[in-house]
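Readers should treat all values here as calculations from the given coordinates under stated rules, not as data from a laboratory. Given the structure is predicted, the values throughout are model-derived calculations rather than measurements. Glycine gets a Cβ as well: all are built from the backbone with ideal geometry, and neighbour counts include every protein chain shown.
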Amino acid sequence: MAGITRLNARMNRRRVIAASGGTVLGAAIFGNLSVGSAQESDVTVTMVTDTAGVGDQNFNDLAVLGGDRAAEELGVTFNILESQTQADYSPNLAQGGETSDLTIAVGALLGDAVAEVAPQFPDKFFALLDGVVEQDNVYSVVFREHEGAYLGGVLSALVSQSGILGVVGGIRVPPVARYEVGFVAGARTINPDIEVLISYADSFEDPALGQELTLAQLNNGADVVLPIAGRTGVGSFDAVNEQGEGFWIMAGDTDQSHLAPGRQLAAIRKGVDVAFFDAAQAVVDGNFPGGTVDDLGLVEGGMDIYAFDATVDQSMLDTVAAYKQAIIDGVIVPPADDDALAAFVPTPLDGAATPAASPAATPAS
């Protein structure tokens, strides 16, 4: 995922970016300039961002990686329409419907706009990443974020010296809520007495506020923080950079270690790029799954945990791997909402590593 840092410095040869719903894409001019693709296709794919836009170091940038891969490997023409405000969602999606074979809406916040626009273009294809719209020409992809976040909570509780963790959210839409409750459940499985501080910015595009909220949590004892906040979460990395040794970020969606070298504990991986590519490939192959919903978790490879810091010892890695397998096997079912979290009974595994916050404790059994 290191390529994500280069997104603003380069333009894919088959990619055209427009800044708002009122801008003409110019795909007819630029679409045929590409050379060297693995194959050529007459399919055009347009991505519509949420307001965090390209360069958010997170969800939108992951989708761009999927689009770039589709351009490289499938030969599709890949266009991007960036939404400056929420009012751009419907016009951008409509422009995608007019000019493209497939229009992909990136993020749950675009769900209502997809439901409005997709019926206007019954012969075109739409995909919604992170939400569900029940239309025959819409392919919806959701993720079981709570499964990956549970593993992040397990590791964070193992590492925490203070017994206090933090979560900084953008807007508490369902995918973000699933991240939050899964993280809390995983942490409580390792340390039932752990405290999790939770703050919301009500924005996915405010790094300064993300930094402020994260610093407040760190100053109140948290030593590992999970940002689930798009561009706002960049501020969380700034906060741990400011605080320095002993403070960690558990990254959401993708490896963002370049934002705070040596301060990222691990990353919870969300396969947004893979879902984007798969939707494009389905159109190219003529088998687009309109009217269906994919629900992707650990089993399907839609979620995972990776990019561990070198300081994470083998006993912790083994413990995280054991909990991952328990979820895959159905032994543990992480909660996906507040009610499920309230009813959740942690299932400690034999031989689990001891949390750092309780050095005298015996391994869970």
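Within segment 189-215, the set of residues being assigned to a helix (DSSP H, G or I) and touching a strand residue (DSSP E or B) at 6+ places or on another chain (Cβ under 8 Å) comprises G210, L213, T214.
Annotation: of all residues in segment 262-290 being crowded, with 20+ Cβ neighbours inside 10 Å and small (G, A, S), the one that is nearest to Q314 (Cα to Cα) is A266.
Taking the criterion of being crowded, with 23+ Cβ neighbours inside 10 Å, not in a loop (DSSP other than H, G, I, E, B) and not small (G, A, S), the only residue of segment 251-261 that qualifies is D253. Screening L209 with (1) aliphatic (A, V, I, L, M); (2) surrounded by fewer than 24 Cβ atoms within 10 Å (Cβ to Cβ); (3) touching an Asp or Glu at 6+ places or on another chain (Cβ under 7 Å); (4) more than 17 Å from G107 (Cα to Cα) gives one miss only, at (3).
Filtering segment 216-250 to residues that are touching a residue at least 24 places away in the same chain (Cβ under 8 Å), more than 20 Å from the chain's Cα centre (by Cα) and either surrounded by fewer than 16 Cβ atoms within 10 Å (Cβ to Cβ) or outside any loop (DSSP other than H, G, I, E, B) (or both) leaves Q217, L218, N220, G221, A239, V240, E242, Q243, G246. Considering segment 109-176, the qualifying strands (runs of 3 or more DSSP E), each wholly inside and each with 1 or more residues that are more than 30 Å from P192 (Cβ to Cβ) and free of Cβ contacts under 8 Å to residues at least 40 places away in the same chain, run over 125-129.
One residue stands out in segment 293-307 among those that are in contact with a strand residue (DSSP E or B) (Cβ under 6 Å, 6 or more places away or on another chain) and surrounded by fewer than 16 Cβ atoms within 10 Å (Cβ to Cβ): the one that is nearest to D255 (Cα to Cα), namely Y306.
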